[in-house]
Amino acid sequence: MKKTALILTAGVLAVGLAACGSSNSNGGNESANNSSATNTGGTSGGDSGKKVTITFQNIYPDATSPANKMMKELVAQYEKENPNIKIELDSLNTDQQKLKLKTQAASKEVPDITIVNPAAQMKPFVDAGLLAPLNDMLDQNGLKDTFQKGLLDYYSFNNNVYALPDGNNIEVVYYNKDLFAQAGITDVPKTFDEMLEDVKALKAKGITPIAIGEKDTWTGSFLFMNILLRTNGGPGFLQDVLDGKKDFNDPAFTEATDAFQELVQAGAFPEGATSIDANAGGNIFKTGKAAMFIIGSWETGNIDASSVAGKVGAFSFPTVNGKGDVNQFMLAPGSGFAVSANSKHLQETKDFLNFFMTNYPKKQFELKNAVGSGQIIEGDFKAAGYSDLAINILDMFKQVTGGDLAFDNTMKPAVAQAHLSSIQNLFVQKVESKQAAKEHQDAFAANK
C-alpha cells in the first residue's frame with residue numbers, strides 16, 4: 001500500500017456515491033481531494049473564560065471500541081487545552097439515539113452536538129430549523145478540504161452544510177476463517193445459493209451462521225437492501241419508485257423478500273435476533289460465536305481489536321439468482337455530527353466540533369480505525385501496522401463501481417418506519433412476499 005492509498009480509495013468511492021445520487025440533497029459544498037487531514041490545530045473554546053458545558057450526544061457507547069477511545073481522547077485533549085469547557089458525553093446505541101433525538105426535537109431541546117443520518121433522515125430536522133448551518137466553521141483550519149469530494153452533499157440543503165460525517169463506508173461480509181474450516185467450507189460463496197449451502201453447513205456444526213442484532217431494525221434492512229440491489233440488477237430501485245417508474249410490487253422486490261426469507265428459514269441468524277441489539281449482535285461475531293457478519297466496513301477496526309483478530313476475511317455480497325454485480329455495494333455515508341441551532345453556546349460548540357473533526361482522521365489512523373473514513377488520510381497503512389483484513393477492505397473500496405443508499409436514507413421517515421417494521425417481522429414469521437410488498441406500497445402511497 002502506498003502512502004496515497006486512502007486518497008485513491010476515496011476517489012473511487014466518491015464516484016460510486018455520485019452514481020447513486022440523493023434526491024434530498026439540494027446542492028452543498030464539494031471538497032478537494034488532494035489535502036492531508038492531519039492538521040492538529042483547532043479553534044479556541046472562547047475568549048471570555050466563562051465556564052461552559054457542551055452536551056455531546058454520540059453513538060459510541062462501547063468502551064472497548066476504537067471509536068469510543070478516539071472520542072474520549074480528543075475530548076480530554078480539548079478540555080485540557082480549554083479548561084473553561086466541559087464536554088458532557090451522552091453515549092447511546094444507534095436506535096436509542098434516534099429515539100431520544102426524536103423526543104428532544106419535539107420539544108426543541110436538541111443537544112449542543114447530536115447525531116443525524118444523511119439525506120432523507122436528517123431533512124425533517126433541517127426543515128424544522130433545529131440544526132445550525134456549519135459553513136462558517138468548515139472554512140476554519142481548512143476543515144472543508146479534508147472531506148472526500150462530494151461527500152458533504154449528503155448533509156447539505158440549499159447550499160448549507162448541516163452535519164459532518166464520521167465516515168464513508170460500504171457493506172461487506174466479514175467471515176471467520178476458522179469457523180468456515182470447521183464446517184468444511186473451502187471458499188467464500190460467489191452466489192446466494194452457495195451462501196445458503198454454507199449457512200446449512202455451519203448450522204449442522206452448531207455454529208451460528210450470520211450474526212445480527214435486529215432489535216435495532218436498521219441491521220436487517222441493511223442486509224435486505226443488499227439482496228434488493230442484486231435482484232434489481234443494479235442500483236436505483238428506490239429512486240425508480242420515487243420517480244414513479246416502479247412500485248414495491250415489482251418482481252425485484254418480491255424476489256428479494258423471498259431470498260431474505262430463505263436465509264431466515266435456513267436458520268441463518270441467532271435465535272431471538274429481534275431481542276438482540278446491534279452491539280450485542282456484533283459481539284456474537286467478535287467473540288467467535290458466529291461465522292459471518294454482514295455490516296458496514298466501519299466494523300473493521302472493532303474486529304481487529306477483538307478476540308477474532310487475525311482470523312477474519314471479507315468478501316462482497318454474492319449475486320442472487322444470477323443477478324447483480326459484486327462490485328456494486330450498499331453505500332453508507334456516515335452518521336453526521338450536527339449542532340443545535342438553539343444551543344446556548346453556539347460558538348463554543350462549533351469551535352469544539354471544528355477541533356474534533358480536524359483531529360478526527362489523525363486519531364482514527366493512530367488507533368487503526370481509519371478504514372471507511374470520510375476524510376482524506378495520508379499514511380502508509382501497512383507500515384502503521386494495519387491488518388491484512390484492513391488492507392483487504394481498502395482494496396475492496398477500489399473496486400466500487402456504484403451502489404445504493406440505505407432505505408431510511410432515501411425514503412420519508414414514515415415510509416422508512418413501515419419498511420423497518422416489515423423487515424423485522426420477517427425474522428419472526430414467514431410472510432407472503434406479495435403481502436410485504438403491499439405493506440411497503442401502502443405506506444409509500446399514504447406518505448407521498
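Condition check for Lys289 on (1) among the basic types (Lys, Arg); (2) more than 29 Å from Asn392 (Cα to Cα); (3) in contact (Cβ under 8 Å) with a residue 40 or more places away in the chain: one failure, at (2). Restricting to region 414-427, and then to whatever is among the aliphatic types (A, V, I, L, M) and in contact with a Ser or Thr (Cβ under 6 Å, 6 or more places away or on another chain), can you tell me which residue is nearest to Thr254 (Cα to Cα)? Checking each candidate, the answer is Ile423. Do we have Leu353 as buried (at least 20 other Cβ atoms within 10 Å of the Cβ) and either without any contact (Cβ under 8 Å) to a residue 40 or more places away in the chain or more than 30 Å from Glu79 (Cβ to Cβ) (or both) here? Spelling it out, it is not the case that Leu353 is buried (at least 20 other Cβ atoms within 10 Å of the Cβ) and either without any contact (Cβ under 8 Å) to a residue 40 or more places away in the chain or more than 30 Å from Glu79 (Cβ to Cβ) (or both). Of all residue pairs spaced 6 or more apart or on separate chains, those with beta-carbon atoms under 9 Å, a first member in region 84-95 that is farther than 18 Å from Ala63 by Cα and at pLDDT 95 or above and a second member that is surrounded by fewer than 18 Cβ atoms within 10 Å (Cβ to Cβ) and among the hydroxyl-bearing types (Ser, Thr, Tyr) are Asn84/Ser48; Ile85/Thr53; Lys86/Thr53. When residues in region 366-378 are screened for being under 22 Å from Gly310 (Cα atoms), in contact (Cβ under 8 Å) with a residue 60 or more places away in the chain and of a type outside the set (Ser, Thr, Tyr), 6 of them pass. For region 65-105, the set of residues classified as within 17 Å of Thr55 (Cβ to Cβ) and of a type in the set (Gly, Ala, Ser) consists of Ala76, Ser91, Ala105, listed by residue number.
None of Ala445, Ala416, Ala436 is in contact with a Phe, Trp or Tyr (Cβ under 7 Å, 6 or more places away or on another chain) and either assigned to a helix (DSSP H, G or I) or among the polar types (S, T, N, Q) (or both) except Ala416. Filtering Val110, Val75 for residues that are out of contact with any Cys (no Cβ under 7 Å at 6 or more places or on another chain) and farther than 23 Å from Asn302 by Cβ leaves a single hit, Val110.
Please determine, by comparing only the residues of region 161-192 that are free of Cβ contacts under 8 Å to residues at least 12 places away in the same chain and either part of a strand (DSSP E or B) or of a type outside the set (Ser, Thr, Tyr) (or both), which one is nearest to Ala338 (Cα to Cα).
Looking at residues that are free of Cβ contacts under 8 Å to residues at least 12 places away in the same chain and either part of a strand (DSSP E or B) or of a type outside the set (Ser, Thr, Tyr) (or both), I get Asp187.
Do we have any residue at all in region 129-151 that's crowded, with 20+ Cβ neighbours inside 10 Å, assigned to a helix (DSSP H, G or I) and under 18 Å from the mean Cα position of the chain (by Cα)? So far as region 129-151 goes, yes, one or more of its residues are crowded, with 20+ Cβ neighbours inside 10 Å, assigned to a helix (DSSP H, G or I) and under 18 Å from the mean Cα position of the chain (by Cα). Only one of the numbered conditions (1) part of a loop (DSSP other than H, G, I, E, B); (2) in contact (Cβ under 8 Å) with a residue 24 or more places away in the chain; (3) open to solvent by 10 Å² or more (accessible area, probe 1.4 Å); (4) farther than 25 Å from Leu202 by Cα is violated by Ala383, and that is (2).
Here the condition is being open to solvent by 10 Å² or more (accessible area, probe 1.4 Å), under 19 Å from the mean Cα position of the chain (by Cα) and in contact (Cβ under 8 Å) with a residue 60 or more places away in the chain; of Lys108, Lys123, Lys98, it holds for Lys123 alone. Put simply, of Ala63, Ala105 the only residue that is of a type in the set (Gly, Ala, Ser) and either in contact with a strand residue (DSSP E or B) (Cβ under 8 Å, 6 or more places away or on another chain) or over 26 Å from Leu405 (Cβ atoms) (or both) is Ala63. The single condition from (1) part of a loop (DSSP other than H, G, I, E, B); (2) surrounded by fewer than 24 Cβ atoms within 10 Å (Cβ to Cβ); (3) under 20 Å from the mean Cα position of the chain (by Cα) that Ser373 fails is (2). Filtered by the rule that a residue be surrounded by fewer than 20 Cβ atoms within 10 Å (Cβ to Cβ) and at pLDDT 95 or above, region 434-448 gives Lys434, Gln435, Lys438, Glu439, Gln441, Asp442, Ala445, Ala446, Asn447.
As for region 1-10, it holds no residue that is modelled with pLDDT of 70 or more, surrounded by fewer than 16 Cβ atoms within 10 Å (Cβ to Cβ), over 30 Å from Asp240 (Cβ atoms) and basic (Lys, Arg). Scanning region 178-190 turns up no residue that is open to solvent by less than 50 Å² (accessible area, probe 1.4 Å) and of a type in the set (Lys, Arg).
The values are calculated or read from the model by the stated rules, or taken from the named source; none is laboratory data. Source: prediction; values computed, not measured. With ideal geometry, Cβ positions are generated from the backbone for all residues, glycine too; neighbour counts draw on all protein chains shown. Accessible surface is based on the protein model in full, side chains and every heavy atom, while ligands, DNA and RNA are left aside. Shrake-Rupley method; radii C 1.70, N 1.55, O 1.52, S 1.80 Å.
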